[in-house]
Amino acid sequence: MGFCVKVGLLFVTVVCFSTHAAKLPSTFGRCSPKDEEFNECLKKNVEDAIHQLKKESPELGLSTLDPLDIPKLVIGEGTGPVHVVQNFKNVKLYGLTGSIVLSTSIDFENHIMHARSITPELRLQGEYTMRGKVMLLPIYGDGLCNITLYNTKINHTLYAEPFQKKGKTHWNFSNYTVTLRPDKMTYKFDNLFSGDERLGSNILNVLNENWNEVFTDVRDGYEKSFGLIFHGLANRVFSRVALNDIFLDME
Ligand SMILES: *[C@@H]1O[C@H](CO)[C@@H](O)[C@H](O)[C@H]1NC(C)=O
Ligand SMILES: *[C@@H]1O[C@H](CO)[C@@H](O)[C@H](O)[C@H]1NC(C)=O
Ligand SMILES: *[C@@H]1O[C@H](CO)[C@@H](O)[C@H](O)[C@H]1NC(C)=O
Ligand SMILES: *[C@@H]1O[C@H](CO)[C@@H](O)[C@H](O)[C@H]1NC(C)=O
């Protein structure tokens with residue numbers, strides 16, 4: 001039982017409100033904050049859970065994490081070399097379930113979570129449109145794209161506010177900030193310049209040779225978008241599952 005609403009911001013997400021409390025799947029491990037090895041335990045279990053979420057988990061309100069469907073994504077202009085808004089739709093994000101969790105910690109008193117992870121290969125595939133300038137060169141086109149980020153280190157910071165539902169404490173994340181540092185990126189945009197192959201491959205070479213400068217200029221847009229995506233996923237799980245079913249020994 002439950003109901004769903006569509007909320008649109010940068011992208012459209014369907015948020016479902018379950019009318020009964022869900023449990024974590026029995027294959028997910030649980031850790032006790034009283035355990036000295038809590039952070040180690042959590043790191044392992046979070047990574048395990050992410051790997052398991054390659055399969056959809058209706059009880060947690062999640063479809064598969066890999067690929068993750070992103071109906072709409074907008075990466076704004078930078079303040080440096082990137083004078084173009086990148087509009088994406090019908091994007092599939094591949095690779096999240098390959099993530100390795102490097103560390104986690106939770107400050108239960110202040111309800112703050114930190115995690116660091118690395119994702120070997122993250123690929124955004126979908127449709128793009130853009131018209132503007134990059135590194136002083138005109139660029140325009142619409143078609144399919146394939147953007148790959150390699151060995152992306154991600155720092156996650158989540159602030160929660162506790163609330164009561166059916167007599168049980170849940171966490172609602174009020175914000176989720178992300179910083180992203182890929183080791184390398186490759187861009188592929190099909191049908192640039194109305195299909196002019198020579199102009200298209202020239203500008204792709206420029207983008208790929210200068211990927212770091214290009215990414216750094218619009219990194220903020222990627223970080224905000226990934227933050228919103230992760231925020232939505234985290235709140236789906238924590239709004240359904242009570243804190244004392246996620247962690248052991250909670251009073
Ligand atoms: C996307 O690009 C990556 C890196 O260039 C490549 O490995 C992958 O095969 C491409 N995928 C598609 C569907 O074009
Ligand atoms: C994550 O935080 C650590 C410690 O503050 C810092 O050294 C590292 O550069 C950060 N990484 C990213 C991807 O922001
Ligand atoms: C959870 O936090 C969001 C802000 O991210 C807020 O809009 C929402 O009303 C909160 N929900 C609950 C149940 O507190
Ligand atoms: C996140 O939310 C917490 C409280 O819910 C607040 O103290 C903090 O300033 C917020 N941080 C950001 C970056 O919005």
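Only the coordinates and a few stated rules stand behind these numbers; no lab work does. Please read these numbers as outputs of a predicted model, since none were measured by experiment. Cβ: placed from backbone, ideal geometry, glycine included. Neighbour counts: every protein chain shown.
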- Query: Comparing 77, 121, 37, which has the greatest mean-square fluctuation in the GNM of the chain with Cα pairs linked when under 10 Å apart?
  - Reply: 37
- Query: Got a sec? Which residues in region 108-136 would a label at residue 183 touch, if it sits 7 Å along Cα→Cβ and we count backbone N under 16 Å?
  - Reply: 117-123
- Item | Longest to shortest principal axis, alpha-carbon extents of the chain, angstrom | 64, 39, 30
- Item | Charged-residue dipole, Cβ positions (Lys, Arg, Asp, Glu), region 3-246 about Cα centre, Debye nearest 20 | 600 debye
- Task: Report Rg (one decimal) and Dmax (nearest whole number) for region 105-251, counting Cα atoms only, units Å.
- Result: 20.1, 65
- Task: Provide the net charge surrounding residue 150, with neighbours chosen by a C-beta distance below 12 Å and charges set as Lys +1, Arg +1, Asp -1, Glu -1.
- Result: +2
- Nearby aspartates and glutamates by direct alpha-carbon distance to residue 188 (threshold 17 angstrom, same-chain neighbours under 8 apart not counted): 121, 127, 142, 196, 197, 209, 213
- Where q = 0.10, 0.18 Å⁻¹, what log10 of I(q)/I(0) comes from the Debye formula for region 85-174, counting one point per Cα? -0.47, -0.92
- Item | Spatially proximal lysines relative to residue 55 (Cα-Cα < 16 Å; intrachain offsets below 8 disregarded) | 92
- For region 13-114, what class follows from the C-alpha gyration tensor (a ≥ b ≥ c being the square roots of its eigenvalues): rounded when a/c is under 1.5, otherwise prolate if a/b is larger than b/c, else oblate? prolate
- Message: Could you tell me what a quarter of the Cα convex hull surface of region 157-235 works out to, in nm² with one decimal place?
- Response: 7.3 nm²
- Given a Förster radius of 22 Å and the C-beta distance between residue 52 and residue 105 as r, what FRET efficiency does 1/(1 + (r/R0)^6) yield to the nearest 0.05? 0.50
- Of the residues 26, 117, 225, which exhibits the maximal mean-square fluctuation in a Gaussian network model of the chain defined by a 10 Å Cα contact cut-off? 26
- So which residue, out of 133, 188, 166, gets the largest mean-square fluctuation from a GNM of the chain using Cα contacts under 10 Å as springs? 166
- Task: Please report how far the C-alpha centroid of region 144-212 lies from that of region 67-95, rounded to the nearest whole angstrom.
- Result: 7 Å
- Cα-Cα over 28 Å, subset of 89/224; 34/224; 89/168; 54/133; 34/165: 34/224; 89/168; 54/133
- Counting only C-alpha contacts under 8 Å and six or more residues apart, can you give the relative contact order of the chain as a whole percent? 19 percent
- Added length on full extension, which subtracts the Cα-Cα distance from 0.36 nm per residue, residue 161 to residue 37: 42.1 nm
- Name the aspartates and glutamates eligible as straight-distance cross-link partners of residue 44: C-alpha to C-alpha under 16 Å, and not fewer than 8 places from it in the same chain. 35, 36
- From DSSP H assignment alone, runs of 4+ in the chain each adding -39500 (n - 2.57), the sum over residues rounded to the nearest 500 puts [θ] at 222 nm at -8000 deg cm²/dmol
- Message: I'd like the FRET efficiency for residue 112 and residue 90, computed as 1/(1 + (r/R0)^6) with the beta carbon distance as r and R0 of 35 Å, rounded to 0.05.
- Response: 0.50
- Message: If you restrict to DSSP beta bridges whose two residues both lie in the chain, what percentage is antiparallel, to the nearest 5?
- Response: 95 percent
